[in-house]
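Encoded as structure tokens, the structure appears first; notes follow it.
The values are calculated or read from the model by the stated rules, or taken from the named source; none is laboratory data. Computed from a prediction, not measured in an experiment: that's the story for all the values here. Here the Cβ positions follow ideal geometry from the backbone for every residue, glycine too, while neighbour counts run over all protein chains shown. Surface areas here come from the heavy atoms of the whole protein model, side chains and all, with no ligands, DNA or RNA. Shrake-Rupley method; radii C 1.70, N 1.55, O 1.52, S 1.80 Å.
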Amino acid sequence: MAARSGAAGAYVDLWHSGLAEAVAALGEPAFPEALERSLRHLVSFEMMNGFAYAPGGKAFDLDNARIVGDRTTIVDHYLAGAYILDPFYDAVRSGRDGVLVMRRLAPDRFAETEYYRRHYRATGIVDEIGFILKLRHADAVLSLSRMGDARPFSNRDITRLESAAPLLKALAERHWRERFTLPGEDERAAPTISHPLLSKRELEIVTLILKGHSSYSIAATLGLSPNTVKVHRRQAYAKLTISSQAELFHLFLSRR
């Protein structure tokens, strides 16, 4: 028992020491890396990075200077339009706040989507926890990712980060609130799933399919019966002359 208490005390001391360095770097270019170092005393992770989202929904680079892995996939493809299928993006757009745990937030068929196969898995990320930041001109998500052969975050890891979240968010918001400004194109609309042949309901359903919702999940989200969802899906696929989600993804998103 004493050994466990000693270990716990050591990590708390290191966390506090790291926080002091981060506070000293507030408003300076060194802050993100100092914050990242301090968080590593709480949990292990391979990468910290972040994206901001304008009120219209368009995504921007917040903190991607220390990318682990293929930057083209993790940053460039994401900003080119892949982000519209990101569960974290949906959480921000729905007005959520606080801590986001990817494996708890993602739809029930997320790992079977073309987005997951072509983008998310290609990043090397195996688990991700995000902190929603409320900035002056945008909302943002600062993410911690386990990558490669690492194990997903444990419940203890999540509890530690949830406990640290209020302080982490206060510091990060203070740092980026003034430093982050939207480029001149900030009013440009975000990419959307649209097609002139599809009805509003059919567009809602194909969008949820692309995001990883099963027929039952779509039914619960839209207040429909699963059979009604299947009918709309068949009608949409017939209008688009496709027969699979892979073709649906290619039609709407592969060029991005």
Checking the condition among the small types (Gly, Ala, Ser) and not in a loop (DSSP other than H, G, I, E, B), which residue from Ala238, Ala190 passes?
Ala238
Filter result for the condition that a residue is among the polar types (S, T, N, Q) and crowded, with 16+ Cβ neighbours inside 10 Å, over Thr159, Thr113
Thr113
Going through region 77-91 one residue at a time, which ones are in contact with a Leu (Cβ under 9 Å, 6 or more places away or on another chain) and on the phi < 0 side of the Ramachandran plot?
Ala82, Ile84, Leu85, Pro87, Phe88, Asp90, Ala91
Considering only residues of region 116-133 that are of a type outside the set (Val, Ile, Thr) and open to solvent by less than 30 Å² (accessible area, probe 1.4 Å), which is farthest from Arg156 (Cα to Cα)?
His119
Name the residue that is least open to solvent (accessible area, probe 1.4 Å), counting only residues in region 199-256 that are closer than 20 Å to Asp90 by Cα and among the acidic types (Asp, Glu).
Glu202
Note: among Leu222, Leu248, just one is over 19 Å from the mean Cα position of the chain (by Cα) and at pLDDT 95 or above, namely Leu222
List pairs: first residue in region 140-154 and farther than 30 Å from Gly57 by Cα, second residue among the polar types (S, T, N, Q) and open to solvent by 50 Å² or more (accessible area, probe 1.4 Å) anywhere in the structure, Cβ distance under 9 angstrom, at least six positions apart or on different chains.
Ala150/Ser44
